[in-house]
Amino acid sequence: MKKYISEFIGTFVLVVFACGTAAVSGPKVLNGMFMPAYFATAFAFGLSIVAMAYSIGNVSGCHVNPAVSLGVFLSGRMSGRDFIGYVIAQFLGAIIGAAVLFSLIGTTGNLGSNGLYLNDVGASLTIEIILTFVFVLAVLGVTSKAENNVVAGLVIGLSLTLVHLLGIYFTGTSVNPARSFGPAILCGDPATLSCVWVFVVGPFVGGALAAYVYHFISE
């Protein structure tokens, strides 16, 4: 139960601080130029993970992401029971985090929700699969050896920042089903709700692919 509570807290913090930054920081691109908010959002996600990794990482591993948990589960590093418990805790943390954001800023910036790239489902799904694959592959790699524990949180946080630096332009970057689901539900925007499945399915597929590829290249 302590692990599940830790995952709830970690995902709550990610949504409040990172999605909150995305929601209130204004336009990401203006007249073809990247704005400071673009980088602020990318680093808010990365720094949230760094902070949580060194806070709850020794309790739950600080997945705070169902796609990461799926990758860890498929790699044989956690039980099915824990996988289910983690995913439930993560989604609840994201929903409550989004509710807190809603109470503070209303529906400003759609609470940092994700959106389709050029209204193209296929392109958006492909982008999310690729981004999540890279992120989860980095997580599985850096956590595969105990001697990496000291730097693992920093590496994972920087990896999340990396995928955001590219992905924000396209979809806002999900790579995390819970992070997308919570804000989408609370903002209540019909367009956002209609495509939230892309940001649930895409990361799960990317996480599964990362697990299988890592198993292949590391054996």
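The values are calculated or read from the model by the stated rules, or taken from the named source; none is laboratory data. As the structure is a prediction and not an experimental result, all values here were calculated from the model. Every residue, glycine as well, gets a Cβ built from its backbone with ideal geometry; the counts of neighbours run over all protein chains shown. Accessible surface areas use protein heavy atoms only, side chains included; no ligands, DNA or RNA. Shrake-Rupley method; radii C 1.70, N 1.55, O 1.52, S 1.80 Å.
Annotations
- Residues of the range 50-65 satisfying the condition of being within 20 Å of Gly20 (Cα to Cα) and touching a Cys at 6+ places or on another chain (Cβ under 7 Å): Met52, Ala53
- Residue check for Ser174: among the hydroxyl-bearing types (Ser, Thr, Tyr), touching a strand residue (DSSP E or B) at 6+ places or on another chain (Cβ under 9 Å), farther than 20 Å from Gly57 by Cα and modelled with pLDDT of 95 or more: no
- Residue that is farthest from Ala23 (Cα to Cα) [pool: residues in the range 135-170 that are under 12 Å from the mean Cα position of the chain (by Cα) and polar (S, T, N, Q)]: Ser159
- Among residues that are open to solvent by 40 Å² or more (accessible area, probe 1.4 Å) and within 23 Å of Phe43 (Cα to Cα), Gly76 is not included.
- Top-ranked residue in the range 59-81 [being assigned to a loop (DSSP other than H, G, I, E, B) and under 17 Å from Ser144 (Cα atoms); ranked as nearest to the chain's Cα centre (by Cα)]: His63
- Only one entry of Asp189, Asp120 meets the criterion of being at pLDDT below 95 and surrounded by fewer than 20 Cβ atoms within 10 Å (Cβ to Cβ), and that entry is Asp189.
- Criterion: at positive phi, open to solvent by less than 40 Å² (accessible area, probe 1.4 Å) and small (Gly, Ala, Ser) - qualifying residue of Gly153, Gly167, Gly112: Gly112
- Where a residue in the range 111-139 is without any contact (Cβ under 8 Å) to a residue 40 or more places away in the chain and its partner, wherever it lies, is aliphatic (A, V, I, L, M) and open to solvent by 30 Å² or more (accessible area, probe 1.4 Å), with Cβ under 7 Å and at least six apart: Ala138/Val155
- Restricting the range 79-95 to residues that are β-branched (Val, Ile, Thr) and farther than 13 Å from Arg179 by Cβ, the residue that is surrounded by the fewest Cβ atoms within 10 Å (Cβ to Cβ) is Ile84.
- The range 161-219, residues that are in contact (Cβ under 8 Å) with a residue 24 or more places away in the chain and among the hydroxyl-bearing types (Ser, Thr, Tyr): Thr161, Tyr169, Thr171, Thr173, Ser174, Ser180, Thr192, Tyr212, Tyr214, Ser218
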